[in-house]
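What follows is one structure encoded as structure tokens, with my remarks underneath.
The values are calculated or read from the model by the stated rules, or taken from the named source; none is laboratory data. Note that the structure is a prediction, hence the values are computed from the model and not measured. Ideal geometry is used to build each Cβ from the backbone, glycine not excepted, and the neighbour counts take in all protein chains shown. Note: accessible area is taken over every heavy atom of the protein model, side chains too, but ligands, DNA and RNA are not part of it. Shrake-Rupley method; radii C 1.70, N 1.55, O 1.52, S 1.80 Å.
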Amino acid sequence: MTDAASPTLDALRVRIARVLPGQVRAAVEKLTEEQVWWRPNEKSNSVGNLVLHLSGSLNLYLNRNIGGIAYERNRDAEFAARGPMPKRELMAIFNDVVNKAEATLAKLTPPQLGDPSTDPERNKYLVEDLIGMATHVSTHTGQILWVTKMLQEGALDEVWIRTHRQA
């Protein structure tokens with residue numbers, strides 16, 4: 001497994017801790033304080049909710065379960081929040097989580113990708129946990145980008161290319 005393990009781990013680390021968070025940061029930066037908490041209807045999530053949800057998810061599944069960093073999650077609160085939490089405070093939470101994620105991922109070694117999953121009800125191997133996290137972060141990042149593009153036309157032109165170059 002080690003032949004492909006090193007580039008796989010590098011690719012996951014770059015996407016989970018750099019590229020996708022860079023896209024989230026770029027999107028939130030373009031929104032007003034009110035737009036961060038805007039929702040199209042009561043059953044939908046705001047960008048603020050999605051940022052809190054990504055933070056909670058990464059803190060639990062990556063930073064706690066894999067990295068051993070203490071964390072107690074309140075998932076319901078991530079979706080119940082309605083603001084007004086300032087963007088600065090929201091992004092401080094997110095950036096702290098991403099910094100911890102970078103540190104957690106930096107400690108992993110390629111052979112560990114074949115270790116048992118930290119979520120054995122869903123996955124067999126640690127690499128599956130990480131792929132699931134990357135997919136989850138990517139899905140919600142796409143939602144955040146879509147809302148931002150809807151509310152701020154042209155605000156995120158070429159964000160995908162820019163964030164990949166910066167990684």
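Just a few scattered comments:
- Residue that is least open to solvent (accessible area, probe 1.4 Å) [pool: residues in the range 15-54 that are at pLDDT 95 or above and of a type in the set (Asp, Glu)]: 33
- Qualifying residue in the range 101-108 (condition: within 12 Å of the chain's Cα centre (by Cα) and at pLDDT 95 or above): yes
- Among the residues making up the range 1-57, those that are more than 15 Å from residue 155 (Cβ to Cβ) and not in a helix (DSSP H, G or I) are 1, 37, 39, 40, 41, 42, 43, 44, 45, 46.
- Of the residues making up the range 1-26, just one is of a type in the set (Asp, Glu) and farther than 16 Å from residue 98 by Cα, namely 3.
- Total residues in the range 55-100, condition under 20 Å from residue 123 (Cα atoms) and of a type in the set (A, V, I, L, M): 4
- Within the range 68-100, considering residues that are farther than 22 Å from residue 131 by Cβ, basic (Lys, Arg) and modelled with pLDDT of 95 or more, the one most open to solvent (accessible area, probe 1.4 Å): 88
- First in the range 55-67 and open to solvent by 10 Å² or more (accessible area, probe 1.4 Å), second anywhere and hydroxyl-bearing (Ser, Thr, Tyr) and outside any loop (DSSP other than H, G, I, E, B), Cβ under 9 Å, 6 or more apart: 66/104; 67/104
Here's the yes/no breakdown for (1) among the hydroxyl-bearing types (Ser, Thr, Tyr); (2) buried (at least 18 other Cβ atoms within 10 Å of the Cβ); (3) touching a Phe, Trp or Tyr at 6+ places or on another chain (Cβ under 6 Å); (4) within 27 Å of residue 3 (Cα to Cα):
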| position | (1), (2), (3), (4) |
| --- | --- |
| 122 | no, no, no, yes |
| 135 | yes, no, no, yes |
| 140 | no, yes, no, no |
| 149 | no, no, no, no |
| 158 | no, no, no, no |
| 165 | no, no, no, yes |
